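**Q** Here's a structure for you.
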Amino acid sequence: MTGNLNLVGYGLSAIGPGVGIGLIFAAYINGVARQPEARGMLQPIAFLGFALAEALALFGLVLAFVL
Amino acid sequence: MSPLVLAAGGEGFTPPGPEDFWWPIVGSNTSNWTLTRPAVMVLLSVVLIGWFFLAATKRRSLVPGKLQFVGEGIYGFIREGIGRDLIGSKDFRRFLPLLFTQFTLILVNNVFGIIPFVQFPTMSRIGFPIGLTIITYLVFHAVGLRKKGVVGYLKDLVPPGLPSWIVPFIFLLEFVDKFITRPITLSLRLFANMFAGHLLLLVFILGAEHMILDLGPGFKVVGLLSAVLAVVMTFFELLVEVLQAYIFTLLTALYIGGALAEEH
Amino acid sequence: MSTPARKPPSDDGRDGPLEEARAWGITSYLLAGLLTFGGIGLLLDRWLGTTWLVLVGLLVGVGLAFYLIWFRYGTR
């Protein structure tokens with residue numbers, strides 16, 4: 001089997017952010033379901049958390065090409 | 001998959017790959033001007049959409065018939081949900097033809113990917129998303145430049161209220177974002193979703209066919225499972241296709257609305 | 001009376017499309033940050049002959065992208 005080990009590394013590194021983003025939005029949905037008025041307060045926090053987790057995913061993608 | 005199959009002593013199986021997306025009809029296999037199947041399909045989709053909406057609006061009555069109801073439903077969805085909300089009720093009407101055309105075109109071409117005898121999403125050839133993205137790119141930059149002038153448009157890239165030593169970096173970031181990253185992600189998102197979805201369906205279906213027809217009884221059971229999964233993935237593909245059409249149109253409207261916004 | 005484009009997020013649950021569009025905006029800001037400052041780092045590496053400037057560029061790009069995302073989407 002031929003190929004590049006970079007891609008295997010990228011695939012493995014995409015597990016973490018995937019789980020992380022799922023957890024973040026699960027918590028957001030939970031919070032809004034329990035108290036719909038909290039939606040405006042929770043939304044910026046959810047998107048900040050999403051940005052942090054997504055950064056790691058994009059890091060993995062870019063480094064798979066650069067290295 | 002091939003090493004495992006070879007180890008079991010079966011025939012060689014070539015897994016589907018990007019070469020399965022090249023389908024020339026008229027012309028040689030390597031020139032740049034061959035007429036390929038996706039090109040014919042896009043033309044066909046345009047004819048279909050035009051015929052559908054002409055038929056839906058032929059006899060306009062206040063209480064709509066079935067065809068008119070569907071046509072009005074799609075148009076109303078784009079106009080209210082995407083146009084008015086994101087561009088603002090003052091000048092969203094100018095862009096409604098663009099948004100409507102993009103949505104219906106991408107939707108029909110995507111759904112071509114699962115209709116039984118057609119089964120090829122034309123947006124999985126990257127030329128088509130690139131064409132649509134170029135139109136979006138030119139429109140939203142031209143609208144912003146015409147409204148605010150070049151200097152005003154560039155000044156508007158940076159949100160107000162930043163400490164002044166960081167403004168050049170943020171300006172560079174925003175410039176690259178608006179002029180390079182946004183069109184790349186827009187076209188790449190549509191292309192990658194359609195390409196990956198079609199490849200996934202090909203793997204399941206061709207694998208099921210190979211396993212059921214050519215290999216031993218143990219593989220036949222796995223082949224049956226693969227065929228069931230192909231059916232499940234077809235429904236999932238339908239969801240992804242509709243969603244991608246919606247997101248493309250939504251982002252076009254958002255960028256146009258952002259270029260027209262007067263405040264931050 | 002015309003409504004301005006991109007109303008601030010309301011509390012009555014009607015801004016479905018705006019949320020998704022915000023998520024894609026975040027992704028494209030992060031990617032833009034990585035690409036520009038990683039690219040600058042790469043060019044500076046080639047010019048100065050060092051090896052670690054690419055990483056610094058990537059980190060600076062991510063940091064700036066975070067700052068911009070926080071500024072635009074986090075403090076409204």
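FYI, it's all coordinate maths here, none of it is from the lab. It should be emphasised that the depicted structure is a prediction, and the values quoted were computed from it without experimental measurement. So basically every Cβ, Gly included, is an ideal-geometry build from the backbone, and we count neighbours across all protein chains shown.
**Q** In whole Å and largest first, what semi-axes does the C-alpha gyration tensor of segment B:99-203 yield when each eigenvalue is scaled by 5 and square-rooted?
**A** Values for segment B:99-203, descending: 37, 16, 9 Å.
**Q** Between B:VAL118 and B:PHE171, what length in nm is gained on full extension when 0.36 nm per residue of separation is reduced by their alpha carbon distance?
**A** 14.4 nm
**Q** Follow-up. Cα extents of the protein assembly as shown along the three principal axes, largest first, in whole Å?
**A** 71, 70, 54
**Q** Using alpha-carbon pairs under 8 Å, 6+ residues apart, how would you state the relative contact order of chain B in percent?
**A** Dividing the mean separation by the residue count of chain B yields 24 percent.
**Q** Order the peptides B:175-181, A:37-43, B:186-192 from the highest to the lowest mean number of other Cβ atoms within 10 Å of their residues.
**A** Highest mean packing first, the order is B:186-192, B:175-181, A:37-43.
**Q** Pick out the long, greasy-scoring helices in chain A: whole DSSP H runs spanning 30 Å or more along their own axis by Cα, mean Kyte-Doolittle at least -0.5.
**A** Membrane-span-like by this rule: A:39-66.
**Q** Within 15 Å, Cβ to Cβ, of B:THR122, how many net charges do the neighbouring residues add up to if Lys/Arg are +1 and Asp/Glu are -1?
**A** It works out to a net charge of -1.
**Q** At a threshold of 8 angstrom on Cα-Cα distance, excluding pairs fewer than six apart, so keeping six or more, what relative contact order does segment C:26-73 reach in percent?
**A** Rounded, it is 45 percent for segment C:26-73.
**Q** What is the mean number of Cβ atoms from other protein chains located within 10 Å of the Cβ atom of each residue in peptide B:84-94, rounded to a whole number?
**A** Across B:84-94, the average partner-chain Cβ count within 10 Å equals 4.
**Q** Can you tally the net charge around C:LEU64? Count Lys and Arg as +1, Asp and Glu as -1, for every other residue whose Cβ sits under 13 Å from the Cβ of C:LEU64.
**A** Residues close to C:LEU64 contribute a combined charge of -1.
**Q** Find how many whole Å separate the alpha carbon centroid of segment B:206-264 from the alpha carbon centroid of segment B:142-205.
**A** 25
**Q** Of B:ARG84, B:ARG59, B:ARG182, which is the most mobile in a GNM of chain B whose springs link Cα atoms less than 10 angstrom apart?
**A** B:ARG59
**Q** Next question, about the same structure. Between B:LYS58 and C:GLU20, what FRET efficiency follows from the Cβ-Cβ distance if R0 is 25 Å, with the result rounded to 0.05?
**A** Working from the Cβ atoms, E equals 0.10.
**Q** Where does the charge balance sit around B:THR57 when Lys and Arg score +1, Asp and Glu -1, over other residues with C-beta under 15 Å from its C-beta?
**A** Spelling it out: positives minus negatives among the neighbours equals +4.
**Q** Provide, for segment B:119-264, the number of lysine pairs with alpha carbons under 19 Å apart, each pair being eight or more places apart or on different chains.
**A** 4
**Q** Separate question: Can you compute the modelled spin-label distance between B:LEU188 and B:PHE77, with each label point 7 Å from Cα toward Cβ, in nm?
**A** Output for this residue pair reads 2.9 nm.
**Q** Apply the Karplus parameterisation 6.51 cos²θ - 1.76 cosθ + 1.60, with θ equal to phi minus 60°, to every residue of segment C:27-39 and state each ³J(HN,Hα) to the nearest whole Hz, in sequence, with x for glycine and proline.
**A** Per-residue couplings from phi come out as 4, 6, 5, 4, 5, 4, x, 4, 5, 5, 6, x, x Hz.
**Q** When the chain is fully extended, how far beyond the present Cα-Cα distance does B:THR30 get from B:PHE179, taking 0.36 nm per residue of separation?
**A** Result: 50.4 nm gained on full extension.
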